[in-house]
1. Does at least one position in the stretch 149-162 carry a residue that is in contact (Cβ under 8 Å) with a residue 60 or more places away in the chain and assigned to a strand (DSSP E or B)?
2. How about the stretch 176-271: which helices (runs of 4 or more DSSP H) wholly inside it have at least 1 residues that are under 20 Å from GLY298 (Cβ atoms) and over 20 Å from the mean Cα position of the chain (by Cα)?
3. If the requirement is being modelled with pLDDT of 95 or more and crowded, with 17+ Cβ neighbours inside 10 Å, which of these qualifies: ASP243, ASP220, ASP238?
4. On the given criteria, is ILE280 in a loop (DSSP other than H, G, I, E, B), surrounded by fewer than 15 Cβ atoms within 10 Å (Cβ to Cβ) and not assigned by TED's automatic domain parsing to the domain that holds PRO94?
5. I'm told VAL71 meets every condition in (1) more than 26 Å from VAL355 (Cβ to Cβ); (2) outside any loop (DSSP other than H, G, I, E, B) except one. Can you identify the failing condition by its number?
6. Going through the stretch 83-140 one residue at a time, which ones are within 20 Å of the chain's Cα centre (by Cα), of a type in the set (D, E, K, R) and outside any loop (DSSP other than H, G, I, E, B)?
Amino acid sequence: MLRRVSYERVCNVKIGEVGWIEKERPKCGPIDAILKPIAIAPCTSDVHTVWEGAVGERTDMILGHECCGEVIEVGELVKDFKPGDRVLVPAITPDWNSLEAQAGYSMHSGGMLSGWKFSNFKDGVFGEFIHVNDADGNLALLPNGIEPEEACMLSDMVPTGFHGAELADVQFGDEVLVVGIGPVGLMSVAGANLRGASRIFAVGTRPVCIEAAKFYGATDFISYKNGPIAEQVLKLTDGNGVDKIIIAGGTVDTFAEVMECLKPGGKIGNVNYLGSGDYIKIPRIEWGVGMGHKEINGGLMPGGRLRMEKLAKLVSAGKLDLSKLITHRFEGFEYVEEALMLMKDKPRDLIKPVVRVEK
């Protein structure tokens, strides 16, 4: 018997369709926690899940993986959190006692991408109640001074964008190309800048994103409308190309588009969710006929408490200003679907919408 609640949940009814659904309150395991959301944010990944079926059919599954919340219940073995705590919630919530976590790949605990549980293997955060596994390992206290709307950016946008800079192994003085300057790409720009990149080429056309990219450290801008990306980069670098590339947007063809402008020994870090297409094509000659030492690394962002705490410290210390990411703010759970449709339609003035749920 389903219980009536004060408001319902935004749900992926099936591929291509969203709606509202009622579900029972999730049960709290001995090491888990139940939260109520304070603020939530839709993501392009939700769009891929619903309208592209990128992770396969998901029926009557609550969407969402970006939020901050208030703890309302903890399991009997949870040591560090209690009801009433306001917490950061990472989009990726690994099982920290898994073999994959012990091997250094916690985001794949239980199988490839299985650390990504919200709206993938279990109900997401667009509901009245949110279940978080392994609370001590995955939650972090929301520091004073960080607004709940900005805290949502710490769930996914910041750690994913920064992971792009990590995967590309950006070093002091590197010249870096960032493909795509939506919210993840903007955080890739910020991450590359914090890691010491000397010049950052950003690929994008929307004025609101270009202005934000300048704020986060981009030095040069490239429009795919003006010709092949690689040709433009080579022209701007006197034919030398770049040391590192971060792919935060595009398609399965983007790798082929940029390989030519990557120096031998260079690295590509991909954090773009490839929602469609069957194969990634790598051009033979531009890849050095297989011997160019041009490395491609693609990875799901790390989750967990420690990463959330460290990223939050950057905000608290004034090293990272997240307010530039949020262009649309809503008050009330009833606006979640509208915010989701903004992410789907991507109007020119959009970077990221956030819905404040807490009354």
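1. Checking the stretch 149-162: not a single residue is in contact (Cβ under 8 Å) with a residue 60 or more places away in the chain and assigned to a strand (DSSP E or B).
2. Values: elements: 183-194, 207-216, 229-236, 254-258.
Of the helices (runs of 4 or more DSSP H) lying wholly inside the stretch 176-271, those with at least 1 residues that are under 20 Å from GLY298 (Cβ atoms) and over 20 Å from the mean Cα position of the chain (by Cα) span 229-236, 254-258.
3. ASP243 is the lone residue from the list that is modelled with pLDDT of 95 or more and crowded, with 17+ Cβ neighbours inside 10 Å.
4. For ILE280, the condition - in a loop (DSSP other than H, G, I, E, B), surrounded by fewer than 15 Cβ atoms within 10 Å (Cβ to Cβ) and not assigned by TED's automatic domain parsing to the domain that holds PRO94 - is not met.
5. In the conditions (1) more than 26 Å from VAL355 (Cβ to Cβ); (2) outside any loop (DSSP other than H, G, I, E, B), VAL71 misses (1) alone.
6. Across the stretch 83-140, the qualifying residue is only LYS122.
The values are calculated or read from the model by the stated rules, or taken from the named source; none is laboratory data. Please read these numbers as outputs of a predicted model, since none were measured by experiment. A quick note on method: Cβ atoms are made from the backbone with ideal geometry, for glycine too, and the neighbour counts reach across all protein chains shown.
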